[in-house]
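Each remark here refers to the structure printed beneath this line.
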Amino acid sequence: MILSCFLRCKKNAAGPFLFGTVLFLVLLVSCKKTKVADSYKPESSDTVQYFYYGDFDMWNHIYGATEDFIIPDSVPVSMFIPHHDITVGRQNSFYKAVSKKIKPSLIVVVSPDHFEKGKKLITVPDKIVFETPQGNMIVNDDLISRLKTDEKIGQYVSVQDDVWSGEHGIFVHTPFLKKYFPDAEFVPVLVKPLSTENEFQIFSELGTLLSKLLPDDSFLIASVDCSHYQIPSVTAFHDEVTINTILNYEDARFAEIDSPESIEVLYSYNKGRNALNPVLIDHSSTYDYIPDDMVVCTSHLYMTFYKDLSSSAKDDFYERIKATKQRTRKNEDCIKQTVLITGSGKTGAGIRRTWKWDRYKKSKDNAEILLRNTAGTEARFLYGFDALIFDPPADTVYEQKVHDTVLRVQTITQKDFKENHFISEDNFNQKKAVNILEVILQDSKIIPDLESIRTFFKYFDVIVFRDDDGLVDAVMYCKASKNDMDDIRKVELGICHGKGKIKGKTALLNFYDDRIDLLTLDYQSKNGVIPAIYQFDIE
C-alpha cells in the first residue's frame, strides 16, 4: 500500500516523543518489586489493583517525571482523558494541572464496559475495594444507592463486583485520582457499548441525573480512547472529525471513539451544569510513542469543560501554550468537513453519514454485505468520516450540516454535464460550504481533461467522474486550496467494485478553513471487491 499524503503535525512531535521516552525508561528500570504480569492479577476478587502493582518507586517516578500541562486559569467542571496506558506521562501532566484548579469532594469516572460483563446498561460497584499506591479509594455508597433507586434509570443500573478487576478504563486512573485528589470520594461507572437509539437516551438521562445529584464541587471524568486500528495518517483524519464533533457538542456516535455512551453522559452532565465551554488541552496517538508510519494507532484527546471561561482566560491559555509542545485547537468559525470518496462501480452504498458495525453479521443490506470487510476491524475505518461517498444515484443532491459547515454533493449524468444546465448560483451562496460534483459516465465514457472543466471549480471543490458499471476507472479532480481555482490535483480513483481484478485508490479529504488535505490509500483485489482497508493486511 502506498500513502500519497500524510496529514500529521510534525512541528510539535519532539515533546510528546519525550513523554514516550520517559515512559519506556520508567517501565524498563522500575519493576523491582513486581513483574509486569502481576499488574493484571488481583490478589482476591474483593480488590481492584492497578498497573505495576506494588512498585512504589515506579509510581513515584511517574508522578515526578512530567510537568503539568498548561490549562486555562479557571475551574473545570469535567474532563475527557484516555485510558490507553501508553499515555501515562500525559495522564500525569493532565491530572497534575487539573488538581491545581479544583479540589473536588466527589469524582465520578465514566468508562466503557470494555468486556461487556455488566448485566445492564450501567454498572456500579458494591463492596469491592479499589487499591492505589497511595491507599484505597473511598467509594461513595450514597450516590450508588441513589442511582440504583432512581425512578428513571434505576432499572438500568446493575450493582456488581465481578467486572472491575480487568477494567482498565477505571483502574488506569485510580493512582492519579488518589495522588492528586487524596480526600475525594469516588464512584466508577461503566456503560454498555454499541447501544441502540433508545438505550443511548438512557446515558443522556444518567448525565442529567448526575448533574442534579452530585455536590457543586464534584468532578466528572470521561475515560475514553479515540481512533483504533488505523495507521497514523488515517488516525489523523479520523481525529479531525472527533475534535470537531466534541468541540461543537455534536452527536458522539458519529466520531470514531471507543465510547460515545461515555461522552453522552459527559455532554448531558455538562449541560446540566451549564459547562458548555470545551477546551482541547492536548492531542496524541501511538505514533508519538512509536514513530512508525505503519504502527497500529490508538489516539487520545485531553479536554476540559468550563462553566465560566472568560475571553481573557482563553486568550491567556492560547498564548502560554505556544511555548509548550501541547497540541490544541480553537473552535474556529471556519469550514470543517472530512469525507471519503471511492471510485467506479455500483456498491449500493450511496452516501452515508457513518457506517455502523454489523457486529454479528445480521444485516441484510446489500451494501453492508458487499463492503463489510472494507470497513476493517469493528468497521472503524469507515466510522471516522463526516460523510462516505460511494455511488450516489444520478439527479440527486445530498446535503448535511456538520460542524456548522454545509456539505453538498450533487450527482448528474454525463449528458447533463455536457449541456451545463445543472448550476444554479443560488446553490453556491453558503458562506461555509464544501461542494462536490459527481458525474456518472454514460455512452462515450470519455473523461474530460482538466482544462476543459477548470471553470467549474468556481462552484465545486471536488469533481469526480465515475462509471456505475465498473468498466472505466474513476477520476477525481480536487482543489489544493478552497480559494485557489488554479492549483487542481488529479487522482486516479480506479474501480472499487467490478468484475475480476480491480485496483484503485480511496481518497480521504479534510476541509479545514481554506486548506484541503488529501490522503489516498491504494488497494487491489482479485475478486472484484475492495479488500479490507485495514491498512495492515492488504490482499
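The values are calculated or read from the model by the stated rules, or taken from the named source; none is laboratory data. Not measured: the values here are computed from a predicted model. We place every Cβ from the backbone using ideal geometry, glycine too, and count neighbours over all the protein chains shown. Accessible surface areas use protein heavy atoms only, side chains included; no ligands, DNA or RNA. Shrake-Rupley method; radii C 1.70, N 1.55, O 1.52, S 1.80 Å.
When restricted to residues that are under 21 Å from the mean Cα position of the chain (by Cα) and open to solvent by 10 Å² or more (accessible area, probe 1.4 Å), the range 173-194 contains 3. Here Asp391 meets each of (1) free of Cβ contacts under 8 Å to residues at least 12 places away in the same chain; (2) open to solvent by less than 50 Å² (accessible area, probe 1.4 Å) with one exception, condition (1). For the structure I just gave you, tell me whether Ile351 is hydrophobic (A, V, I, L, M, F, W, C) and open to solvent by 50 Å² or more (accessible area, probe 1.4 Å). No, not satisfied.
Per the listing Asp449, Asp513, the residue uniquely surrounded by fewer than 17 Cβ atoms within 10 Å (Cβ to Cβ) and touching a residue at least 12 places away in the same chain (Cβ under 8 Å) is Asp513. The condition of being within 25 Å of Asn366 (Cβ to Cβ), touching a Leu at 6+ places or on another chain (Cβ under 9 Å) and not in a strand (DSSP E or B) holds for only one of Phe422, Phe385, Phe417, that being Phe385. Scanning the range 486-498 for residues that are among the basic types (Lys, Arg), closer than 23 Å to Thr354 by Cα and in contact with a Leu (Cβ under 9 Å, 6 or more places away or on another chain) turns up nothing.
Restricting the range 421-446 to residues that are under 21 Å from Asp514 (Cα atoms) and at pLDDT 80 or above, the residue that is most open to solvent (accessible area, probe 1.4 Å) is Lys431. Any residue at all in the range 347-367 that is assigned to a loop (DSSP other than H, G, I, E, B), in contact with a Leu (Cβ under 8 Å, 6 or more places away or on another chain), within 26 Å of Asn527 (Cα to Cα) and among the aliphatic types (A, V, I, L, M)? Checked against the condition, which is being assigned to a loop (DSSP other than H, G, I, E, B), in contact with a Leu (Cβ under 8 Å, 6 or more places away or on another chain), within 26 Å of Asn527 (Cα to Cα) and among the aliphatic types (A, V, I, L, M), the range 347-367 yields at least one hit.
Any residue at all in the range 365-374 that's surrounded by 15 or more Cβ atoms within 10 Å (Cβ to Cβ) and closer than 30 Å to Pro278 by Cβ? No, there is no match, as no residue in the range 365-374 is surrounded by 15 or more Cβ atoms within 10 Å (Cβ to Cβ) and closer than 30 Å to Pro278 by Cβ. Filtered by the rule that a residue be open to solvent by 20 Å² or more (accessible area, probe 1.4 Å) and aliphatic (A, V, I, L, M), the range 138-172 gives Ile138, Val139, Val159. Within the range 458-506, the set of residues being open to solvent by less than 50 Å² (accessible area, probe 1.4 Å), more than 20 Å from Thr338 (Cβ to Cβ), among the hydrophobic types (A, V, I, L, M, F, W, C) and outside any strand (DSSP E or B) comprises Val472 only. Annotation: of all residues in the range 252-264 being among the charged types (D, E, K, R) and closer than 19 Å to Phe237 by Cβ, the one that is surrounded by the fewest Cβ atoms within 10 Å (Cβ to Cβ) is Arg253. Scanning the range 100-131 for residues that are among the polar types (S, T, N, Q) and open to solvent by 10 Å² or more (accessible area, probe 1.4 Å) returns a single hit, Ser105.
Let's see how each residue does on (1) touching a residue at least 12 places away in the same chain (Cβ under 8 Å); (2) small (Gly, Ala, Ser); (3) more than 26 Å from Asp85 (Cβ to Cβ):
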{"position": "Pro193", "(1), (2), (3)": "yes, no, no"}
{"position": "Thr196", "(1), (2), (3)": "no, no, yes"}
{"position": "Ile202", "(1), (2), (3)": "yes, no, yes"}
{"position": "Leu206", "(1), (2), (3)": "yes, no, yes"}
{"position": "Ile221", "(1), (2), (3)": "yes, no, no"}
{"position": "Phe237", "(1), (2), (3)": "yes, no, no"}
{"position": "Asn244", "(1), (2), (3)": "yes, no, yes"}
{"position": "Glu250", "(1), (2), (3)": "yes, no, yes"}
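Against the conditions (1) open to solvent by 10 Å² or more (accessible area, probe 1.4 Å); (2) in contact (Cβ under 8 Å) with a residue 24 or more places away in the chain; (3) assigned to a loop (DSSP other than H, G, I, E, B), Glu378 satisfies every one except (3).
Looking at Thr242, Thr235, just one residue is crowded, with 21+ Cβ neighbours inside 10 Å, modelled with pLDDT of 95 or more, under 13 Å from the mean Cα position of the chain (by Cα) and closer than 30 Å to Leu213 by Cα, and that residue is Thr242. Being at pLDDT 95 or above, within 16 Å of Val265 (Cβ to Cβ) and hydroxyl-bearing (Ser, Thr, Tyr) is a condition met by no residue of the range 188-202.
Under the condition of being farther than 21 Å from Val279 by Cβ and open to solvent by 40 Å² or more (accessible area, probe 1.4 Å), which residue from the range 320-348 is nearest to the chain's Cα centre (by Cα)? Of everything passing the filter in the range 320-348, Gly348 is nearest to the chain's Cα centre (by Cα).
Looking at Phe80, Phe94, Phe69, just one residue is open to solvent by less than 20 Å² (accessible area, probe 1.4 Å), of a type in the set (A, V, I, L, M, F, W, C) and in a helix (DSSP H, G or I), and that residue is Phe94.
Which of the residues spanning the range 299-318 are open to solvent by less than 10 Å² (accessible area, probe 1.4 Å) and of a type in the set (Ser, Thr, Tyr)? If the condition is that a residue be open to solvent by less than 10 Å² (accessible area, probe 1.4 Å) and of a type in the set (Ser, Thr, Tyr), then Ser299, Tyr302, Thr304, Tyr306 are the ones that fit.
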